[in-house]
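The numbers here are math on the coordinates, done by the rules we state, and not lab data. This one's a predicted model, so the numbers in the text were calculated from it and none came from an experiment. Reconstructed Cβ throughout: ideal geometry from the backbone, glycine too, with neighbour counts over all protein chains shown.
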Amino acid sequence: MIDAILGKKLSMTQIWDEQGNCHAVTVIEAGPCQVVQVKSKDGRDGYDAVQIGFEPRPARNGGKGTPRVTKPMLGHFKKHGAEPMRVLREVPCSGGEAPAPGTVVKVNEVFEQGQKVDVVGTSKGRGFAGCIKRHGFRRGPKTHGSKNYREPGSTGQSTTPGHVIKGKRMAGHYGNARATVRNLRVLKVEPEENLLYVKGAIPGPRGGTVLVRKAVVGG
């Protein structure tokens, strides 16, 4: 069976366990996902993996035309006998035989309550940010004559080497990058609604696409 599933971040809320403890959780619409392609170590690919898709692509002309995908992608879906999907990801497959293309995978077939998972998403884009907001720098002294309230300070040396070293933490684009939160515990699974409740926060805004996988470490 596959080790991950695609989903969409819905919102955050709180739930109570059997002991009466309150937990902050993130609600994820996890699946259903369709198996699009199966790769095997014995075949031309050289490794075992499964390509899954999430959210069907609507058709043009009010559902009467072709799906809203490019011709190469449409050929890819037709070749494997799968419906065109909006999001495609390749996930590992461990143990047992891989599901056939066209198989629909639901959240309760991958995860169960109490299990630990890693959630991979795209963090919120913050635009251009200074070094204090972006890297957590300390501000300068707010004293008479100081002009270094939120400036980065010195960024390099003198004649040797005569330039700013690559990788120096400075102001720049903040966010909108791949982010992973590890070892979140699954507190509740609702297969009828395709909902997954994980303890804590996950990357991205509401409606953002996320990949939920079995925890690599500590699972």
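Multiplying the residue separation of Ala24 and Val104 by 0.36 nm and removing their Cα-Cα distance gives an extension gain of 25.8 nm. Extension gain, Gln14 to Glu192, is 62.1 nm, computed as 0.36 nm per intervening residue step minus the present C-alpha separation.
Over the chain, what is the mean sequence separation of C-alpha contacts under 8 Å (at least six apart), divided by residue count, expressed as relative contact order in percent?
Relative contact order of the chain: 29 percent.
Cα convex hull, the stretch 63-167: 319 Å³ per residue, rounded to a whole number.
Measuring max minus min along each principal axis, the C-alpha atoms of the stretch 114-195 give extents of 64, 34, 22 Å (largest first). At q = 0.07, 0.16 Å⁻¹, what is the base-10 log of I(q)/I(0) for the chain according to the Debye formula with one equal point scatterer per Cα and no solvent? Please give it to two decimals. Debye intensities relative to I(0), on a log10 scale: -0.35, -1.09.
Note on the chain: helix-only mean residue ellipticity at 222 nm, from DSSP H runs of 4+ residues weighted -39500 (n - 2.57) and normalised by residue number, equals -2000 deg cm²/dmol. Here the extension length gained between Arg182 and Thr70 equals 36.8 nm, from 0.36 nm per residue of separation less the Cα-Cα distance. So if we plug the beta-carbon distance of Ser154 and Arg126 into 1/(1 + (r/R0)^6) with R0 = 25 Å, what FRET efficiency do we get, rounded to 0.05? Given R0 = 25 Å and the Cβ-Cβ separation, E is 0.50. Of the residues Gly207, Leu196, His76, the one whose Cα sits farthest towards the positive end of the charge dipole of the chain is Gly207 (charges of +1 on Lys and Arg Cβ, -1 on Asp and Glu Cβ, taken about the Cα centre). Scattering from the stretch 9-92 was approximated by placing one identical point on each alpha carbon and applying the Debye formula without solvent; log10 I(q)/I(0) at 0.12, 0.15, 0.23 1/Å stands at -0.55, -0.71, -1.09.
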